[in-house]
Structure formats: structure tokens, C-alpha cells
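A short worksheet on the structure shown next.
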Amino acid sequence: MTAIDWKPDIVEGCQQHTFDLGADPDGEGTVTAVLVRRGTDAQTSAPAPARGAVLYVHGFADYFFQTALADFFAARGLSFYALDLRKCGRARLPGQTPHHISDLALYDQELDLALDAVTQEHPGLPVHLVAHSTGGLILPLWLHRRRETGRTAPVAGLVLNSPWFDLQGSSVQRGPVTQLLRLLAKATPLRTVPIPPSAVYGDTLHSSRGGEWDFDLDLKPLAGFPVTVGWLNAVRRGHARLHRGLDVGVSSLVLRSDRTHFSRRRTELSDRADLILDVAQIARWAGCLGGETTVVPVTGARHDVFLSLPEARARAYDALDAWLRRDTERA
């Protein structure tokens, strides 16, 4: 077992532990990942009593700061942990390309370490996994690989918040783009994909733009980070594997907005729709997770349904609460 050394985190009321992952297979020095826990006394290393635990994984251009989500689980007796993946959020080291990775399977290293750490603190208790956006693609792929090698416990359920299940745009557009990415990723993996930046989604969230949330703009810029061809190629390979069908081995809840609104300017719909992903694609591919899957469209939700306006946010939490109760009863 890895010895866990908890230290104060950048988010008040949280603690963090850094995993040293060794040399970066993508050639950007050494890499680390950071595990964060919420809901314990900052002066002690003892975990809070619990009937289970939650491990959360963020999306692209994101990191864990959603303390209300952590408190929701804590109120239900579930200790909350979040993982900042390599080159993301707290884990990105100087000189590294934000979020760049050539294969999503490389994340298995820190995901295994994080799950082992959670299990170490809560032996014998079930662990629910929660992920947002790109994290919602990464976790099912990881769970499928674990199941293929006979490792399922202690994971008891999977909650995906607007998971990224396909590339936006028509199939006519997606095919040529994917083929081009394969070629460019071999030659120039750090080349930037020419996507014009947009801060509309970030503006709806951040307190400096009238939103409710205060987060570190160095770790989560309003317009996101540049996208590399190597990273996007890794995502497209992940999409292709998902589309062939997975078996995550547990029941799943998929939460999404009821509408998509792609716009490069802020409108009255910007606060009440998914500005990032096509929700029809989420609905289409949710059945590829395997096992029992519940899909809940949340009326008026943003891309991160738990950062929606209060009314939609309450609907998202109600759906999550109801599913957790049913999932506990099934167990």
C-alpha cells in the first residue's frame, strides 16, 4: 500500500496528497497526480466515519473545486475524494502542456493509485465513481479494462455528468477530422488544433463575470486551454472504443442537459443549455456502457449540471439522490 501523506489543499476544508508517477511517456519530464479529500478536520489525518466513498474525476480545462458536490455526498455518509490527473489542475508542473496525453490508458496509473488510497482509508466499503465531461469518457474505459483483468471491487456505481461520448459535428465532418488527427498525432503531437477560443461558458460560471463560482483561472481559464492534436487523437481513440461497447461492471447514472446551444456570444440560453457538448450524442452512446444505465435529461442544465442555475442544479441533485437510494437498495 502507498503511504498517504495528507497536506493542506488550495481549497479550504480539503487536504491533498501527491502521487509521483515517474517519467512522462510523452516526454515532458516527470508527472504527478493529486488526490484531494473533503470533509475531514484539517488538523487531523483521520478520515471521517463513512458508509462508503466517492472518487471524482474532472474534465478538460478543469480541476476539483466543486465543494458543494463533495458536501452533498458527505451529507449522505460518503467520504469524498477527487483526483487531479497528470498535467491537470494541481498536478500540472512548470513547462508541461496542460492536459496533454497521447493515450487515455496512461491515466490508469493514477486512477489505480487513487482507488487504492481510498480503499486503504475505507477498507471493505463500496466506492462510487463520479466524473464530468472528458472524465466521463476516461472512467468507463478504465473500468472496462479493470473488468477485463478481473478487477471490479470495490467500485459499486458510476455517475457521469455530461460525459464526452463523441466529437461534435456531423458524421461527415467527424470522419475526415479523425483520420487527419491520426496522421498529425504521430508527427506533431503537441501541435495546437485551430479552434477559436470562446469564454462564453466560463463567463456563465465565474464570479468575476456574474456567475456563482470562484475558481482559479490559472487552473481553469475562462476560455479553456489550447487543444493538442495528440490529446484529441487520444480522445477519438477512446470514443471509438466506447462505440464498440464496454462493460463497466456496475450500474451507471448519466446526467445531461436537455438541450445544446452552440454560440460564440452570450445569449439568454447560455445559462440554461450545454454550450460544450451535443446532448443528443450523450443520449445516443449511453447504452454503450454495459449493464444497467439510467439517463436523466436535466431541464435547463449547463454543461456541468452541478454548476447550473439553482433550479436546474436542484433537479440534478434530486436525480442523483434518487439514483443513489435505488443503487443502495439494489446492493
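Quick look at the values:
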quantity	calculated
Within the accessible area of the range 195-319 (1.4 Å probe), percent carbon and sulfur	51
Whole-number percent relative contact order across the chain, with pairs defined as alpha carbons under 8 Å at least 6 apart	15
The range 140-158 versus the range 227-298: alpha-carbon centroid distance in Å	20
Among beta bridges that DSSP assigns inside the chain, antiparallel share in %, nearest 5	35
Residues of the range 52-132: accessible area per residue with a 1.4 Å probe, Å²	25
Dipole of the chain, positive direction: furthest Cα of Leu180, Ser270, Pro196, with charges on the beta-carbon	Leu180
Three-way shape label, the chain, alpha-carbon gyration tensor, a/c 1.5	rounded
Sequence of Thr30, Thr260, Thr204 when ordered by accessible area, the most exposed leading, probe 1.4 angstrom	Thr30, Thr260, Thr204
Within the chain, longest stretch clear of exposed GluC sites (Glu not before Pro) (DSSP loop, no more than 16 other Cβ within 10 Å)	13-211
Prolate/oblate/rounded call for the range 232-283, Cα gyration tensor, a/c under 1.5 rounded	oblate
Prolate/oblate/rounded label for the range 54-202 (Cα gyration tensor, a/c 1.5)	prolate
Gyration tensor (Cα) of the range 43-109, equivalent ellipsoid semi-axes in angstrom	27, 12, 12
Ranked by how many other beta carbons lie within 10 Å on average, peptides 126-138, 178-190 from highest	126-138, 178-190
Relative compactness, the range 193-331, computed as alpha-carbon Rg over 2.2 N^0.38 Å	1.15
Kyte-Doolittle mean at least -1.0, axial Cα span of 18 Å or more - DSSP H helices of the chain	108-121, 135-148, 171-187, 229-243
Simple Cβ-charge dipole of the range 106-176, Lys/Arg +1 and Asp/Glu -1, about Cα centre, in debye nearest 20	260
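The values are calculated or read from the model by the stated rules, or taken from the named source; none is laboratory data. Because the structure is a prediction, the values reported are computed rather than measured. Cβ: placed from backbone, ideal geometry, glycine included. Neighbour counts: every protein chain shown. Surface accessibility is based on the protein's heavy atoms, side chains included, excluding ligands, DNA and RNA. Shrake-Rupley method; radii C 1.70, N 1.55, O 1.52, S 1.80 Å.
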